[in-house]
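Worksheet for the structure shown next.
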Amino acid sequence: MKFFDRILEYMREEAYNPMLFQELAEALNIDEEEMAELEEVLNYMEAEGYIIKTRKKRYGLPERMNLVVGRLQGSKKGFGFLIPDNPDIRDLYIPVENLNGAMNNDRVVARITKGSLGTIKSEGEIIRILKRANEQVVGTFETNKKFGFVVPDDVRIYQDIFVSQEDFGGAKDGHKVVVQITRWPEGRRNPEGKIIEILGHKDDVGTDILSIIRGHNLPEEFPAEVESQANKIPEEVKSEAIGNRRDLRDRVIVTIDGEDAKDLDDAVSLEILPNGNYYLGVHIADVSQYVFENSALDKEALKRGTSVYLVDRVIPMLPRRLSNGICSLNPKVDRLTLSCDMEINSKGNVVSYDIYESVIKTTERMTYKNVNKILEDDEEVKERYKDLVELFKNMEKLMNILRKKRKLRGSIDFDFQEAKIILDEKGKPIDIRPYDRGVAERIIEEFMIVCNETIAEHMYWKELPFVYRVHEDPDPEKIISLNQLVHNFGYSIKGADEIHPKALQQLLEKITGKREERLISTLMLRSLRKARYDGASLGHFGLASKYYCHFTSPIRRYPDLMIHRIIKEDIHGKLTPNRIKALKEIIPGIAEQSSIRERTADEAEREVEDLKKAEYMLDRIDEEFEGIISGVTSFGMFVELENTIEGMVHVSNMEDDFYTLDEVNHVMIGERKRRIYRIGDTVRIRVLSVDMANRSIDFVLVE
């Protein structure tokens, strides 16, 4: 965008003081005919929070005015935290009386009212709302005939929404509804709204997950224009589409995925070269061949950002005709791909590579389950895939080499147990058990990581615009706090003031199998920043990788699709100076949108999982289980069962003594009997109650 960088650069100068429009135009030497364009850019920058326009109509940077721009994270108690756009600034506490009508997830500007910017005790007041996040809210309708309220499902929206009788829209008491906000909260006045959709009664089958889908604004249906475009795409690869692509249809190439996967976007091949090196091929669905930039398909894909994988359904980024059809690397049919061949030596180093457009025909559609059985020497499965057994044995060898190299450089692997939730035909959970990752899963993980690193480093040294996957270094203060905690258990973190991932990896190794493993692993994860997308290569702390991107899943992640386009344009010499300039302008927005949609998908997936876990335990009230204490707080302790379900033993239900929390040592101690409960202790519990509205489970200890 014209003038954008010039304005920011000028305002960042030490001597800059907030200026009027005319003063700024003169200082930047803006011609008369460019004035309208300058005003448009300033309006955009103000709306997005890059700059602030004061009441006296002067423009300046928020940080120079003791202001912070970011996203408000609400709480069920009413107060909030402003999460700054600048990741180097600490979150800002906003008391409930200083929200000034702002709601959870609103994009806001806050003034510092206590402490100083970035300090732990700083507080603020919302002075401007840049963008509302909750124009529609999902909740439970409650009525007393003359008026009603919608109680939001999202507890971070702490105020009920008032609905007048003429705006009920046919809703009855107990209905799950979508309410359109017609008047925002003001002072002590609640927000007001009208019912625009009834999802069903809160106790009806399917209403629960539908409420989560609507609550996160996840669109299940595609617009007619998008479906129309998708339907025009051929279902088979036409010979003219292959063009000058490298023909790999004679190469042995396989996909390895879960049994129920339908969007197969990565395939792999492996050969042993005469010099003993491995020749690994990673072949990724060429979605960009069918989804053109700025088309209706592309705009909808960017809007969604990612596919969302819920327990009972997938909400895809692309219409199923593409995601499960022409783009999916289905077995034994021609598919267009973008390939990265890598020669890897015995130390796991990529000594040469080649990136190119290709056409493949996969030899076999393998599942993790069957590959794991082959590697465990299951004779029946080995016989069925006898021509591929040696291939998978070699893949396991290469996986171990790559994994060892990654471990040596300090890559961090958290081993948190994931859950497999089995539903019946009505969506009721009938079994929940830990999901075990086998060798096959690790093979694909390591192959995709080395491919992503190779692609990212290749594009970095070409100095071309790109979308990187970044994971910045943790906040030093959080690591110092973590170090103080682990000190109580007899550990220390080397170089805590200037942390290297290897130091955290070494600590994880020391605590493996120990009682304190869960506590330290959880607190370590919380001390790290969240991975995100960015136009700059800022490295990936968790993987201890200098260059990283997401190249391998363009069917289900928009950044992968975007970087496929850039790579192909580079291959065909289409990255002209004008195109490079245009990419530099759009990539920051694409990276931010992709990061936001990824967080939304994660939240929805976690909420559905918590919902089904709570529903599963409804039928198990009064049953007893053995579990491990997974966390302690002032109000009780969390206990995790073998099936990964977690519940709370409230301190009010620990009736044998009066228990208090020792915050330093993270233990609960009884005052009279001095009985101690620690994280990692095995306890026996009875299921006391299940709160479906809050998706929480209460336990009591069984003596």
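Side notes on the structure shown:
- Dipole magnitude for segment 131-269: about 720 debye, using +1 per Lys or Arg Cβ and -1 per Asp or Glu Cβ, origin at the Cα centre.
- Cα lying deepest toward the dipole's positive end in segment 2-117, options LEU42, GLY101, SER75, charges on Cβ: SER75
- Reachable lysines, given that their alpha-carbon falls under 19 Å from the alpha-carbon of LYS238 and they are not under 8 places away in the same chain: LYS332, LYS361
- Percent accessible area from carbon and sulfur atoms, the chain, protein chains only, probe 1.4 Å: 46 percent
- Across segment 265-373, the mean sequence separation of Cα contacts (distance under 8 Å, 6 or more residues apart), normalised by length, yields a relative contact order of 27 percent.
- Of the GluC sites (Glu not before Pro) in segment 529-637, the ones in a loop by DSSP (not H, G, I, E or B) with at most 14 other beta carbons within 10 Å are GLU623.
- All-pairs Cα distance distribution in segment 109-232, expressed in whole percent, bin size 10 Å: 12, 33, 25, 18, 10, 1
- Couplings 3J(HN,Hα) for segment 451-464, derived from phi with the Karplus relation 6.51 cos²θ - 1.76 cosθ + 1.60 (θ = phi - 60°), are 5, 4, 5, 4, 4, 4, 5, 4, 6, 4, 6, 7, 6, 9 Hz, where x marks Gly and Pro.
- Probe 1.4 Å, accessible area per residue of the chain, Å²: 50 Å²
- When only alpha carbons are used to place a centre, segment 4-24 and segment 450-488 end up 32 Å from one another.
- Normalised contact order of segment 87-210, rounded percent, pairs of Cα under 8 Å and 6 or more residues apart: 19 percent
- Estimated distance in nm for a label pair at GLU509 and LEU525, the labels positioned 7 Å out from Cα along Cα-to-Cβ: 2.2 nm
- If R0 is 60 Å, the Cβ-Cβ spacing of ILE586 and LYS673 corresponds to a FRET efficiency of close to 0.40.
- In units of the compact-protein estimate 2.2 N^0.38 Å, segment 544-703 shows a Cα radius of gyration of 1.63.
- Packing-based order for 299-309, 370-380, 552-562, using average beta carbon neighbours within 10 Å, highest first: 552-562, 299-309, 370-380
- Working from Cα pairs under 8 Å separated by at least six residues, relative contact order for the chain is 9 percent.
- For the chain, fraction of C-alpha pairs farther apart than 48 Å, in %: 22 percent
- Cross-link table LYS369/LYS514; LYS369/LYS574; LYS131/LYS584; LYS510/LYS546; LYS420/LYS510; LYS77/LYS114, entries beyond 32 Å C-alpha to C-alpha: LYS369/LYS574
- Segment 28-79: C-alpha gyration tensor shape, a/c 1.5 cut-off, then a/b vs b/c: prolate
- Accessible surface of PHE699 - all protein chains present, 1.4 Å probe, nearest 10 Å²: 0 Å²
- Summary of the geometry: segment 91-108 and segment 607-632, compared by the centres of their Cα atoms, lie 33 Å apart.
- Proximal lysines relative to LYS581, as straight alpha-carbon distance under 16 Å, when same-chain residues fewer than 8 apart are discounted: LYS2, LYS462
- Rounded to the nearest 20, the Cβ-based charge dipole of the chain about its Cα centre (Lys and Arg +1, Asp and Glu -1) stands at 900 debye.
- Applying both filters, DSSP loop and at most 10 other Cβ atoms within 10 Å, to the chymotrypsin sites (Phe, Trp or Tyr not before Pro) of segment 388-469 gives PHE416.
- Within the same chain, lysines fewer than 8 places from LYS146 are excluded, and of the rest, those with a Cα less than 24 Å from its Cα are LYS172, LYS176, LYS194, LYS202.
- Segment 233-308 and segment 42-56: distance between their alpha carbon centers, rounded to Å: 43 Å
The values are calculated or read from the model by the stated rules, or taken from the named source; none is laboratory data. On a predicted model such as this, the values are computed, not experimentally measured, just so you know. No Cβ is skipped: glycine too gets one built from the backbone with ideal geometry, and neighbour counts run over all protein chains shown. Side chains are part of the model used for accessible areas, which takes the heavy atoms of the whole protein and leaves out ligands, DNA and RNA. Shrake-Rupley method; radii C 1.70, N 1.55, O 1.52, S 1.80 Å.
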